[in-house]
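Student: Below are the structure tokens for one structure; questions will follow.
The values are calculated or read from the model by the stated rules, or taken from the named source; none is laboratory data. Bear in mind the structure is a predicted one, so any value in this text is a computation, not a measurement. Neighbour counts run over all protein chains shown; Cβ positions are idealised from the backbone, glycine included. Surface areas here come from the heavy atoms of the whole protein model, side chains and all, with no ligands, DNA or RNA. Shrake-Rupley method; radii C 1.70, N 1.55, O 1.52, S 1.80 Å.
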Amino acid sequence: MGKGNGALGASKGKANPGRASILALGKAFPPQLVLQDYLVDSYFKDTSCDDLDLKQKLTRLCKTTSVKTRYVVMSEEILKKHPELAMEGQATIKQRLEICNKAVTDMAIEASQAAIKNWGRPLSDITHLVYVSSSEARLPGGDLFLTRGLGLSPHTQRLMLYFMGCSGGVAGLRVAKDLAENNPGSRVLIVTSETTIIGYKPPSAHRPYDLVGVALFGDGAGAMLIGTDPVLAIERPLFELHTATQKFIPHTQNVIDGRLSEEGISFTIARELPQIIEDNIESFCETFLQTVGLHEKEYNKIFWAVHPGGPAILNKLEKRLELLPEKLKASRRALMDYGNASSNTIVYVLEYMVDESLKMKMGGGEIEEWGLILAFGPGISFEGILARNLSV
């Protein structure tokens with residue numbers, strides 16, 4: 001495959017001039033670690049719910065998600081201060097946003113500091129900021145509070161992407177790629193930060209999807225530094241970003257539906273979501289394969305960094321594309337350790353891919369140079385980036 005791609009890439013492991021690369025990764029989490037085995041009892045206790053049928057349903061859901069641990073902002077202290085958050089029908093949007101706005105900023109700052117430390121260059125070298133969240137609402141936005149909290153220059157060029165859901169991380173990466181390539185010498189910090197407090201509610205038979213969210217979603221933040229022409233004495237490029245594209249599937253705008261009200265945000269996700277993704281994934285990936293000189297269905301010749309929306313989505317992709325089990329290992333590992341943390345999760349997947357690549361390299365294993373970074377969100381929107389693994 002490498003010989004057929006000479007026009008696309010430099011020699012293995014080396015970045016192409018003018019092409020954007022991920023130069024560093026960072027992550028952060030709130031202090032509350034949730035063990036899936038204890039989630040059901042604590043959730044029903046915190047919400048004073050004694051509905052046995054709902055409790056049994058959540059127990060079954062927790063066993064199917066493959067999630068083992070997650071981090072959440074919600075705590076006993078918050079519920080003691082705001083018991084109304086666990087009550088039905090309460091107008092709590094003001095309280096929720098006060099908690100969420102602070103929490104996402106704190107996590108975003110911590111994740112950014114981790115990425116900047118891994119990057120190795122001074123804070124003053126950051127020229128642009130892309131901020132992604134579906135967990136806050138305020139004016140000015142979280143981008144300004146993050147800029148101030150980090151101590152970035154007032155001249156930093158800022159951009160916000162709000163309420164893009166699970167596809168937000170890859171959408172932000174696409175935008176950061178364009179900014180970096182169109183502003184030579186720039187360094188773009190992309191930050192994602194999410195918390196489920198905005199939608200925390202007590203169990204209800206009238207909102208069955210809420211239980212899926214309780215069983216699956218987690219909180220946290222992620223950060224990436226993006227730039228072209230890395231300074232190799234300091235920077236260590238991880239993935240080079242090539243073709244990036246976005247596509248929405250017509251007539252699917254109600255499949256993922258989120259509504260902000262006085263009680264917070266309420267989500268519904270239709271059962272057909274995994275099938276819609278399966279039915280459209282091959283046509284979406286076709287152009288990417290052609291770009292690197294691969295033929296139809298040669299999916300196992302590339303790596304896959306897929307946002308793990310849930311086990312059903314990963315299983316559908318694996319089946320339709322006939323992927324080897326190891327191809328989605330990083331995605332499944334991120335889901336197991338952090339749950340679906342919305343836009344953040346792709347950062348955790350990429351970090352695990354770097355770890356796996358280094359282990360394979362040290363062990364003499366073969367590492368795919370080309371691959372796809374994918375996520376799916378409201379729309380239904382597909383986000384995809386053709387990337388080169390520079391760890392090979």
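Student: Applying a 10 Å radius around every beta-carbon, put 194-202, 376-384, 208-216 in order of their mean neighbour count, most first.
Tutor: Ranking the peptides 194-202, 376-384, 208-216 by packing returns 194-202, 376-384, 208-216.
Student: Let me ask something else. For residue 57, which lysines qualify as cross-link partners when the Cα separation must be under 18 Å and same-chain residues fewer than eight apart are set aside?
Tutor: Correct list for residue 57: 45, 68, 201.
Student: How much length is gained if the chain between residue 153 and residue 286 is pulled fully straight, taking 0.36 nm per residue apart and subtracting their Cα-Cα distance, in nm to one decimal?
Tutor: The span from residue 153 to residue 286 would gain 43.7 nm if fully extended.
Student: Using 0.36 nm per residue, how much length does the chain from residue 366 to residue 138 gain when fully extended, once their Cα-Cα distance is taken away?
Tutor: 77.3 nm
Student: Same structure again: May I ask you to list the lysines whose Cα is less than 18 Å away from that of residue 327, ignoring any residue fewer than eight positions away on the same chain?
Tutor: The reachable lysines, counting only those whose Cα sits under 18 Å from residue 327, are 297, 301, 316, 319, 359, 361.
Student: Which whole-number percentage describes the relative contact order of segment 20-228, with Cα contacts under 8 Å and a sequence gap of 6 or more?
Tutor: Result for segment 20-228 is 36 percent.
Student: Just want to confirm a number: the relative contact order over the chain, from Cα pairs under 8 angstrom separated by 6+ residues, in percent.
Tutor: 25
Student: Tell me the mean residue ellipticity at 222 nm calculated for the chain from its helices only (DSSP H runs of n ≥ 4, each -39500 (n - 2.57), averaged over every residue, nearest 500).
Tutor: My calculation for the chain gives -12000 deg cm²/dmol from helical runs alone.
Student: Moving to a separate point now. Roughly how many Å is it from the Cα centre of segment 259-334 to that of segment 183-222, as a whole number?
Tutor: Between the Cα centres of segment 259-334 and segment 183-222 lies a distance of 19 Å.
Student: Further question on the same structure: Which FRET efficiency, nearest 0.05, do residue 63 and residue 33 yield, Cβ-Cβ r, R0 25 Å?
Tutor: 0.80
Student: Arrange the peptides 275-288, 178-191, 359-372 so that the one whose residues have, on average, the most other Cβ atoms within 10 Å appears first.
Tutor: Peptide ranking by packing, descending: 178-191, 275-288, 359-372.
Student: Quote the charge dipole size of the chain about the Cα centre in Debye, to the nearest 20; the model charges only the Cβ of Lys and Arg (+1) and of Asp and Glu (-1).
Tutor: Here the chain has a charge dipole of around 620 debye.
Student: Here is a follow-up. Ranked from highest to lowest mean number of other Cβ atoms within 10 Å per residue, what is the order of the peptides 253-262, 293-302, 112-121?
Tutor: 112-121, 293-302, 253-262
Student: Ranked by accessible surface with a 1.4 Å probe, highest first, in what order do 192, 243, 69, 64 come?
Tutor: 64, 243, 69, 192
Student: Between 214, 47, 363, whose Cα lies farthest towards the positive end of the dipole of the chain when Lys and Arg beta carbons carry +1 and Asp and Glu beta carbons carry -1, centred on the Cα centre?
Tutor: Result: 363.
Student: In whole percent, how big is the carbon plus sulfur part of the accessible area of segment 239-389, probe 1.4 Å, protein atoms only?
Tutor: 51
Student: Got a sec? Charge dipole of the chain, +1 on Cβ for Lys and Arg, -1 for Asp and Glu; which of 144, 224, 120 is way out at the positive end?
Tutor: 120
Student: What is the gain in length, in nm to one decimal, between residue 268 and residue 94 on full extension, counting 0.36 nm per residue of separation less the C-alpha to C-alpha distance?
Tutor: 60.4 nm
Student: Taking the Cα atoms of the chain alone, what are Rg (to one decimal) and Dmax (as a whole number) in Å?
Tutor: For the chain, the Cα radius of gyration and maximum Cα-Cα distance read 20.6, 64 Å.
Student: Another question about this same structure. Less than 13 Å from a label point 7 Å out along the Cα-to-Cβ axis of residue 79: which backbone N atoms in segment 189-225 qualify, by residue?
Tutor: Counting backbone N atoms under 13 Å from the label point, the list is 200-203.
Student: Sticking with this structure for a sec: Taking the DSSP beta bridges in the chain as the whole, what percent of them are antiparallel, to the nearest 5?
Tutor: 75
Student: Express the relative contact order of segment 239-389 as a whole percentage, based on alpha carbon pairs under 8 Å and six or more residues apart in sequence.
Tutor: 38
Student: Still on this structure: Which residue, 331, 317, 375, has the largest displacement toward the positive end of the dipole of segment 315-392 when charges sit on each Cβ (Lys, Arg +1; Asp, Glu -1)?
Tutor: So the residue we want is 317.
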